[in-house]
Amino acid sequence: MQTLRQDIAYALRQMRLSPVFTLTAMLTLALGIGATTAIFSLINTVMLKSLPVVDPNSLYRIGDGMDCCVEGGPQDNWSMFSYSFYQVMQKNTPEFEQLAAFQAGGGGVSVRRGEADRASKPLRSEFVSGNYFSTFGVGAFAGRTLTGTDDQPSSAPAAMLSYRAWQQEYGSDPSVVGSTFILDGHPFTIVGISPPGFFGETLRSDPPELWLPLNQEPLFRGTSTVLHRFQAWLRVIGRAKPGVSVAPVGPRMTALLRQWLVQDAGLPAEWMGAIKQQLPKQQVHVVPAGAGVGEMKSNYADSLHILLGVCSLVLLIACANIANLLLARGASRRSQTSVRLALGASRKRLVQQSLTESVVLSVLGGLAGLVVAYAGVKAIVAMAFRGAHFVPIAATPSLPVLGFAFLLSLVTGALFGIAPAWLATHADPVEALRGANRSTRDHASWSQKTLVVVQATLSVVLLSGAGLLTRSLNNLQHQNFGYETDHRVTLNLTAPFASYPKPKLDAEYRELQERLQAIPGVQRAALAGYTPLTDNWGEMVIRQGHGVPNMNDDIGSSWDHVGSGYLETLGQQMVRGRSINEDDTATSQKVAVVDETFVKRFFKPGEDPIGQYFGLDLPQYSSTYQIVGVVKNAKYRDPASTDPPSPIFFVPLAQRVQYDNSTMQMVEDMTHQIEGAVLQIHGSMEGLEPQVRRALSDIDPNFTLLSMQTLQDQVDGRFDQQRVVAQMTGLFGILALVLAAIGLYGVTAYSVAKRTSEIGVRMALGANRASVIRLVLRGAFLQIVIGLGIGIPASVGCAHLIASQLYQVKGWDPLVLGGSIVTLGLCALVASIIPAQRAASINPVQALRMD
């Protein structure tokens, strides 16, 4: 221990004596270690961190994945369930102490505090089972949690408020607990405040601010309720009993699901033949849920892995750079080391001392890196979730992150310190004492050159990767979306109350569209159930006279209720026929406008869709809509997908369909709950939002504007993840290039200093300045050429690894790779030309005297 303290004290003295070297090394390490620690911090939070609940290891999710049946029909791998099947699960899972259900995705409600509060606020909500909080072992910060008693049809309406909403929206007022809040027009009692740090079972941006009992869902949705219907809208997590295996649960739930689909789901008889054919495919999996529902993990895992790989390459380049600095300093200390060896110092002792110095330097760099990591996490989260109001990801390093940073510092110190330490202690004392310029062997020089080759190799890999990702992002942003994004503004509204009579709702829709269009600066305005790139509805399409389709085929389509002039407002071009207009009234023929993919999926080549009829789900409704127009394809769901757009059709908001089937009527009523609008404006958005809010409140004070943004911003928001990866990779590529250039400069300058006598002799024998410059540049570029020889195939290999993240970009892109090579070559030229010019300026007489 005494020896270690002495070595640390000696290392600190040496660093104090070389402040430029110390600051350079610490800054380089801080960037490398800090960037890697920042990405690990995000990975720890998004992919590894458990929920802040009691014993998260005993939590399991029934169901796996994020997707549901967007276009209608059962899915093979079930991730969501209906309320009725959740009740089946509760009765047939003795392995679990409790089984909680919660709404997938959540929603929004209009909130007023008491009847006297005229201004409503939009709060994000989530329906949960009464045992939700007890299943997770989460208590209340104030008041109490929701219980099973609250989740009964006859129970008094109760809700639980999140700690953050209590702070941000209500100033931590303790009287909130027990107060009556008006939620979508219905009085609810706030029974408790959730504990700080608990944001629900799913890590996501803008988490729930209100938790509501499942059995209160009909109060909000009225006839559109899905509580007792086939609709799959709930995810399920349970707490296993101690010492009990959950392995049998999956097969048992799979068998019960198949039985339930046929006997108890209440599916139409017309579907039964196709459903029975699909039964063998229906599966229910049970997966660990200590980290909750992995929504962010599913969405961001690939990007985080890419960034971690990029940061690791930058860290390796930083280590190579520091190793080069230490090798150069070791060479300058060679005489001192030789004297110590001659006086009896052991090589082991000198290696230990040298390694201690490098580890101390690395630990100090790691401490500085924590500052970089803190700022890095905040910056990445801000860029990746630009449109979010709140993201529950803390930038403050946690204990696992601190441990990772410390371990990384130790490994880094050993990595870049071992080679210089070993080489310094294996110098020949006699030869080293002769003087640096008379040495006949120089192992350090070869080691330095090898490190430069490594830096050049990694630099071209990073530059190529950054180029591919940037080109992919550019392709995403400038593709043809099928609609205009310039001068378009989208509104996101809270859904109207389900208790409103249909005539009142229809009248308010008409007035709202007229009021929005009358706002100064608004050229056109149209309402819609949803706007592009937001959640949408999907159902099974049945053409008139074609019977029930085969469910093994693609039979679904998205659809949207829209106001007159919606397609023109959005800028979607008609291919044939007409758009939806003011002539499509409640009493006129039910019509639809379909897109090109719809035509391709449901009609034969050459078949004219205009005038044809179709309906949804059941044969008796196959003549509901008459097709009056075909519109060009547009990307309404995933603009990053290379697959053709999913089919979609548009029906007039003014027209309602009356169904005999209660489920179909529920879907029809629910899709009339308008939550969006599009405005086409003349100039900027400045001053527009207050006028929109005034129009909403004048028509109905319960209409609430959740968000307002340009359509371009809405589109750009879908590429935030790709933008962060491209920008961070580009930034690290530039950093790697600078470090490689510094390393090459250092090695070239060191080589020139070592060869001063040789260069003097050459110049004395007649060599001119140009030949000396060529000599130095040839030596420098030999290292770069070797690095490129390794880096080019490595770049192609890495491009294939990130191919899933690229949009319309091939892994082998000669333009990107060529640009990376030229950029590295120019930096190498700048880094080596200065030592070359210095070599050409050597005075032969002075150089020969040095010997």
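The values are calculated or read from the model by the stated rules, or taken from the named source; none is laboratory data. Computed from a predicted structure; not experimentally measured. Note that we place each Cβ from the backbone using ideal geometry, even for glycine, and neighbour counts take in every protein chain shown. Heavy atoms of the whole protein, side chains included, go into the accessibility calculation; ligands, DNA and RNA do not. Shrake-Rupley method; radii C 1.70, N 1.55, O 1.52, S 1.80 Å.
Please return the ranges of strands (runs of 3 or more DSSP E) entirely within segment 1-113 where 2 or more residues are within 24 Å of Leu256 (Cα to Cα) and not hydroxyl-bearing (Ser, Thr, Tyr).
Details: elements: 59-62, 96-103, 107-112.
Per the criteria, 59-62, 96-103.
Here is a list of conditions, (1) within 30 Å of Ser564 (Cα to Cα); (2) at pLDDT 85 or above; (3) open to solvent by less than 30 Å² (accessible area, probe 1.4 Å), and Gly733 meets all of them except one; can you say which number that is?
(1)
Which residue is farthest from Ile648 (Cα to Cα), if the candidates are limited to segment 59-70 and must be modelled with pLDDT under 80 and touching a Phe, Trp or Tyr at 6+ places or on another chain (Cβ under 9 Å)?
The qualifying residue farthest from Ile648 (Cα to Cα) is Cys68.
Could you list, in sequence order, the residues of segment 177-215 that are surrounded by 23 or more Cβ atoms within 10 Å (Cβ to Cβ), more than 30 Å from the chain's Cα centre (by Cα) and part of a loop (DSSP other than H, G, I, E, B)?
Result: Asp184, single match.
Examine segment 553-571 for a residue that is open to solvent by 10 Å² or more (accessible area, probe 1.4 Å), over 29 Å from Asn492 (Cα atoms) and among the small types (Gly, Ala, Ser), and state whether such a residue exists.
no
Kindly list, by first and then second residue, each pair from a residue in segment 461-483 that is in a helix (DSSP H, G or I) to a residue that is modelled with pLDDT of 90 or more and of a type in the set (Lys, Arg), limited to pairs with Cβ atoms under 7 Å and residues at least 6 apart or on different chains.
Correct list of pairs: Leu473/Arg723.
What about Ile834, is it touching a Ser or Thr at 6+ places or on another chain (Cβ under 9 Å) and open to solvent by 50 Å² or more (accessible area, probe 1.4 Å)?
yes
Quick check, is Gln712 open to solvent by 30 Å² or more (accessible area, probe 1.4 Å), touching a residue at least 24 places away in the same chain (Cβ under 8 Å) and more than 30 Å from Ser110 (Cα to Cα)? Steps first, please.
Values: open to solvent by 30 Å² or more (accessible area, probe 1.4 Å): yes; touching a residue at least 24 places away in the same chain (Cβ under 8 Å): yes; more than 30 Å from Ser110 (Cα to Cα): no.
Spelling it out, it is not the case that Gln712 is open to solvent by 30 Å² or more (accessible area, probe 1.4 Å), touching a residue at least 24 places away in the same chain (Cβ under 8 Å) and more than 30 Å from Ser110 (Cα to Cα).
Considering only residues that are crowded, with 19+ Cβ neighbours inside 10 Å and touching a helix residue (DSSP H, G or I) at 6+ places or on another chain (Cβ under 9 Å), which ones fall in segment 538-547?
Correct list: Glu539, Met540, Val541, Ile542.
What residue, of Ser707, Ser684, Ser697, is closer than 20 Å to Thr569 by Cα, open to solvent by 50 Å² or more (accessible area, probe 1.4 Å) and at pLDDT below 90?
Exactly one residue qualifies, and that residue is Ser684.
So which residues in segment 704-721 are under 20 Å from the mean Cα position of the chain (by Cα) and outside any helix (DSSP H, G or I)?
Arg718, Phe719
Right, Arg471: open to solvent by 40 Å² or more (accessible area, probe 1.4 Å) and more than 23 Å from the chain's Cα centre (by Cα) or not?
Criteria not met by Arg471.
So, in segment 811-851, how many residues would count as being within 35 Å of the chain's Cα centre (by Cα) and modelled with pLDDT under 80?
Qualifying residue count for the region: 2.
Quick one: Val54 ticks every box in (1) exposed (fewer than 15 other Cβ atoms within 10 Å of the Cβ); (2) hydrophobic (A, V, I, L, M, F, W, C); (3) in contact with a Lys or Arg (Cβ under 9 Å, 6 or more places away or on another chain); (4) modelled with pLDDT under 90 except a single one, so which number is it?
(4)
Name the residue, out of Ser162, Ser120, Ser79, Ser125, that is surrounded by 21 or more Cβ atoms within 10 Å (Cβ to Cβ), farther than 24 Å from Val53 by Cα and touching a strand residue (DSSP E or B) at 6+ places or on another chain (Cβ under 9 Å).
Residue meeting the stated conditions: Ser120.
Among residues belonging to segment 130-159 that are among the hydrophobic types (A, V, I, L, M, F, W, C) and more than 29 Å from the chain's Cα centre (by Cα), point out the one that is surrounded by the most Cβ atoms within 10 Å (Cβ to Cβ).
Leu146
Looking at segment 22-40 only, could you name the residues that are open to solvent by less than 30 Å² (accessible area, probe 1.4 Å) and either within 21 Å of Pro400 (Cβ to Cβ) or aromatic (Phe, Trp, Tyr) (or both)? Show your work before the answer.
Keep residues of segment 22-40 that are open to solvent by less than 30 Å² (accessible area, probe 1.4 Å), which gives 22, 25, 28-30, 32-39.
Within segment 22-40, Leu29, Ala30, Gly32, Ile33, Gly34, Ala35, Thr36, Thr37, Ala38, Ile39 meet the criteria.
Quick grid of which residues meet (1) in a helix (DSSP H, G or I); (2) at pLDDT 80 or above; (3) of a type in the set (A, V, I, L, M, F, W, C); (4) under 49 Å from the mean Cα position of the chain (by Cα):
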residue: Ala331; (1), (2), (3), (4): yes, no, yes, yes
residue: Ser354; (1), (2), (3), (4): yes, no, no, yes
residue: Ala379; (1), (2), (3), (4): yes, yes, yes, yes
residue: Gly387; (1), (2), (3), (4): no, no, no, yes
residue: Ile418; (1), (2), (3), (4): yes, no, yes, yes
residue: Ala432; (1), (2), (3), (4): yes, no, yes, no
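Just checking, does segment 622-634 include any residue being in contact with a His (Cβ under 8 Å, 6 or more places away or on another chain) and surrounded by fewer than 21 Cβ atoms within 10 Å (Cβ to Cβ)?
yes
Which of the residues that make up segment 41-51 are surrounded by fewer than 19 Cβ atoms within 10 Å (Cβ to Cβ) and among the aliphatic types (A, V, I, L, M)?
Met47, Leu48
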